[in-house]
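In what follows, a structure is listed as C-alpha cells, so that the remarks can point back to it.
The values are calculated or read from the model by the stated rules, or taken from the named source; none is laboratory data. Please read all numbers here as calculations on a predicted model, not as lab measurements. Note that we place each Cβ from the backbone using ideal geometry, even for glycine, and neighbour counts take in every protein chain shown.
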C-alpha cells in the first residue's frame, strides 16, 4: 500500500514539474500562505535563528526578513519539483556560472579540489548544472534518503547531466580509490551530530559547531579548497562565483580552513539573507 502511495505521489510531482514557471510561481504563492500563515512551518525556529543572527535589526526588519524567507522557501520547493524534469537548456539559462578560470586551470593541470558551499540559493540546481559549464569531473557528497522511491527520483535528477553522487559515509574511501582528477562538492553548513569532534567558530554572532570533514579531507589529501558563492539575481535565476580559500591545505593551521569557509558563507548570507535555509536547526549543539 505504501509503495502504491509513493508511486502515485511521484507521478503527481512529475506532472507538476512539467508545468511552465509562470504557473509554478502561482503555486509557490499559495505555498507561502500554507507554510507561513496556516501551518506555521518551523516559524519559531526561523524567528529564533534570525533574532540571534541579526541582533542589530529592528523587529520590523526581522519580520520582513522572515516573510521574505518563507516566500523564497516556497519558490525553492517548486524549483526542486521543477528540477525533476528541467531541461539542460533551461538550467543553462538560469545559472550564471562565473567560475570558469579557476576550474579551467585545475582541469588543464589535472588537479583535484574540494568545493565547499552552503544551503544558500538553489544549491541543487547549481550542483546539477556544473557539468554544463565545466570540463572537470563533478562529485557531490549527499545524505541518502530513507524513502527508496524518492531516493531513486532524486538520484536520477541529480546525475542526469553527469554529476556523480557519493554517500557522505563513503567519501574517504572514494578519494583513496581515485586515479583521475575530480571536484568534490560538500555542503559545509550542516549541523554536526557531535559537539566534541566539531570545529567551533563564531558564525552569525553565535558559537557554532561546524563539520570537521571538509577540513580533514583537504588537509589529509592536500587538496585546494574553493568556495562557491550563490546569489539569486531574480526569481528562478542564480549567479555562482568561485574563489580559492587555500591552495596548499597541508600547510594550514588547525581550524583555519573551517574559519575561512564559514567566514565566506557568513558574508554570502549577509548579502542576501532570505535565501539561506533558516528553518534548519543549525544551532542545536552547544559548546
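Determine whether residue 273 is assigned by TED's automatic domain parsing to the domain that holds residue 171 and more than 28 Å from residue 162 (Cα to Cα).
yes
The set of residues in region 158-182 that are in contact with a helix residue (DSSP H, G or I) (Cβ under 7 Å, 6 or more places away or on another chain) and within 23 Å of residue 89 (Cα to Cα) comprises 158, 161, 162, 163, 165.
Could you say whether any residue in region 234-249 is assigned by TED's automatic domain parsing to the domain that holds residue 106, touching a strand residue (DSSP E or B) at 6+ places or on another chain (Cβ under 9 Å), free of Cβ contacts under 8 Å to residues at least 24 places away in the same chain and surrounded by fewer than 20 Cβ atoms within 10 Å (Cβ to Cβ)? Show your work before the answer.
First, pick out the residues of region 234-249 that are assigned by TED's automatic domain parsing to the domain that holds residue 106: 234-249.
Now narrow it down to the ones that are touching a strand residue (DSSP E or B) at 6+ places or on another chain (Cβ under 9 Å): 237-247, 249.
Okay, now just the ones that are also free of Cβ contacts under 8 Å to residues at least 24 places away in the same chain, so 247.
Within this subset, residues satisfying the condition of being surrounded by fewer than 20 Cβ atoms within 10 Å (Cβ to Cβ) are 247.
Yes, there is a match, as at least one residue in region 234-249 is assigned by TED's automatic domain parsing to the domain that holds residue 106, touching a strand residue (DSSP E or B) at 6+ places or on another chain (Cβ under 9 Å), free of Cβ contacts under 8 Å to residues at least 24 places away in the same chain and surrounded by fewer than 20 Cβ atoms within 10 Å (Cβ to Cβ).
Checking region 69-77 against the condition returns no match, with no residue being in contact with a strand residue (DSSP E or B) (Cβ under 9 Å, 6 or more places away or on another chain), crowded, with 18+ Cβ neighbours inside 10 Å, in the same structural domain as residue 274 (by TED's automatic domain parsing) and on the phi < 0 side of the Ramachandran plot.
Of the residues making up region 150-174, those that are in contact (Cβ under 8 Å) with a residue 60 or more places away in the chain, surrounded by 15 or more Cβ atoms within 10 Å (Cβ to Cβ) and part of a helix (DSSP H, G or I) are 153, 157.
Yes or no, residue by residue, for (1) over 22 Å from residue 202 (Cα atoms); (2) surrounded by fewer than 19 Cβ atoms within 10 Å (Cβ to Cβ); (3) free of Cβ contacts under 8 Å to residues at least 40 places away in the same chain:
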position	(1), (2), (3)
46	no, no, no
52	no, yes, no
56	no, yes, yes
61	yes, yes, yes
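Please tell me if residue 255 is touching a strand residue (DSSP E or B) at 6+ places or on another chain (Cβ under 8 Å) and either surrounded by 13 or more Cβ atoms within 10 Å (Cβ to Cβ) or farther than 26 Å from residue 68 by Cβ (or both). So residue 255 fits the description; yes.
Scan region 121-149 residue by residue and report those that are part of a loop (DSSP other than H, G, I, E, B) and closer than 26 Å to residue 9 by Cα.
In the first step, residues of region 121-149 are kept if they are part of a loop (DSSP other than H, G, I, E, B); the result is 121-122, 134-137, 143-147.
121, 122, 143, 144, 145, 146, 147, listed by residue number.
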